[in-house]
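FYI, it's all coordinate maths here, none of it is from the lab. A quick note: this is a predicted structure, and the numbers were derived from the prediction, not measured. A quick note on method: Cβ atoms are made from the backbone with ideal geometry, for glycine too, and the neighbour counts reach across all protein chains shown.
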Amino acid sequence: MTDSPSADRPVLLDLSDGVATITLNRPDAMNSLDVATKVMLLDTVRQVADDPAARCVVLTGTGRAFCTGQDLKEHISILRSESSDSLFRTVDEHYNPIVTALAGMAKPVIAAVNGVAAGAGASLAFACDLRILADTAGFNLAFANVALSCDTGASYHLQQLVGRAKALELLYFPRTLEAEEADQLGLATRVVPAADLTTEVRALAERLAAGPTVALGAMRQSVAYSAGHSFEESLAFESSMMTKTGATADHAAAVAAFVAKEKPTFEGR
């Protein structure tokens, strides 16, 4: 499924050559997340997670921003007209399910950070496996600026990337981390010229999409599992993933290709 690049939709999806590209498409609002966008983003992330044709997922934005988090104009409007209980149900109804689907899918996920990623937008990027940043992009953990706690998995993924002390510093004292500093802190996998971002990300995504998808997904799940479990539990989980991947057609093809001294072709199954 491919949406027209000019489609008047807050979230676009392009699926080609095994790469599913999800694009936040509210450039005039810095790709901030209103309710309609969050609902469509959740549906889209779940769709590509379940689609075997999507063997690698890319999350990006249109315009100057990757995603600036909650749409504060809508937030203020709801705050003035409804109870705060109704307002903050969006965490459980939207943000948590979105980041759970993004972080939990059994296939590689890349954030193509084309511009500023702030608040929940930064959190979404941190939930991806790889973050390729344009040299004009940056991160801002802006939650404290609006007197709110962090959400969308920031407390979990941020400290895995930079450590507890630095994570708290970035949350306590929000500022924009330019691409170079983000790279130095470990928040960026790679920084590339803004003009090259699409090309660089596409090449990386196609390489992953041509790989052994079940094995890559198992690696992703194993790393996530080990972050919250003991060494012994992690070994047991690794064993289950080895059994799972050992039964795939890709494994059989890879072994046969090795014996024949040929390069294997993976089908993602």
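Partner lysines whose Cα lies under 27 Å from the Cα of Lys73, excluding those fewer than 8 positions away in the same chain, are identified as Lys38.
Go through 243-250, 37-44, 181-188 and give me the packing order, highest mean Cβ count within 10 Å leading. Write out the running numbers ahead of the final one.
Values: 243-250: 14.5, 37-44: 19.9, 181-188: 17.9.
Highest to lowest by the protection proxy: 37-44, 181-188, 243-250.
Kindly identify region 213-259 as rounded, prolate or oblate by the Cα gyration tensor criterion: order the square roots of the eigenvalues as a ≥ b ≥ c, call it rounded if a/c is under 1.5, otherwise compare a/b with b/c, prolate if a/b is larger, else oblate.
Because a/c hits 1.5 or more and a/b exceeds b/c, region 213-259 counts as prolate.
Within the same chain, lysines fewer than 8 places from Lys107 are excluded, and of the rest, those with a Cα less than 20 Å from its Cα are Lys244. Each helix, a run of at least 4 DSSP H residues, gives -39500 (n - 2.57); summed and divided by the residues of the chain, these come to -14500 deg cm²/dmol at 222 nm. I'd like to know which of Val191, His75, Ala142 lies farthest towards the positive end of the charge dipole of the chain, counting +1 on Cβ of Lys and Arg and -1 on Cβ of Asp and Glu. The residue sitting most towards the positive pole is Val191.
Going by a ≥ b ≥ c, the root eigenvalues of the Cα gyration tensor, does region 40-141 fall in the rounded group (a/c under 1.5), the prolate group (a/b larger than b/c) or the oblate group? Oblate, because a/c is 1.5 or more while a/b does not exceed b/c.
Order 106-112, 203-209, 230-236, 90-96 from most to least packed using the mean count of other Cβ atoms within 10 Å.
106-112, 203-209, 90-96, 230-236
7 Å from Cα along Cα→Cβ at both Glu238 and Glu93: what's the point-to-point distance in nm? About 4.3 nm separates the two model spin labels. For the pair Glu178 and Asp135 in one chain, pulling the backbone fully straight at 0.36 nm per residue adds 14.7 nm over the alpha carbon distance. Legend: ranking of residues Phe143, Phe173, Phe237 from fewest to most surrounding C-beta atoms inside 10 Å; resulting order Phe173, Phe237, Phe143.
Centre-to-centre separation between the Cα atoms of region 6-32 and those of region 96-111: 16 Å. Work from the charge dipole of the chain (Cβ charges, +1 for Lys and Arg, -1 for Asp and Glu, about the Cα centre) and give the residue of Leu170, Pro27, Val259 farthest towards its positive end. Checking the options against the dipole of the chain, the answer is Val259.
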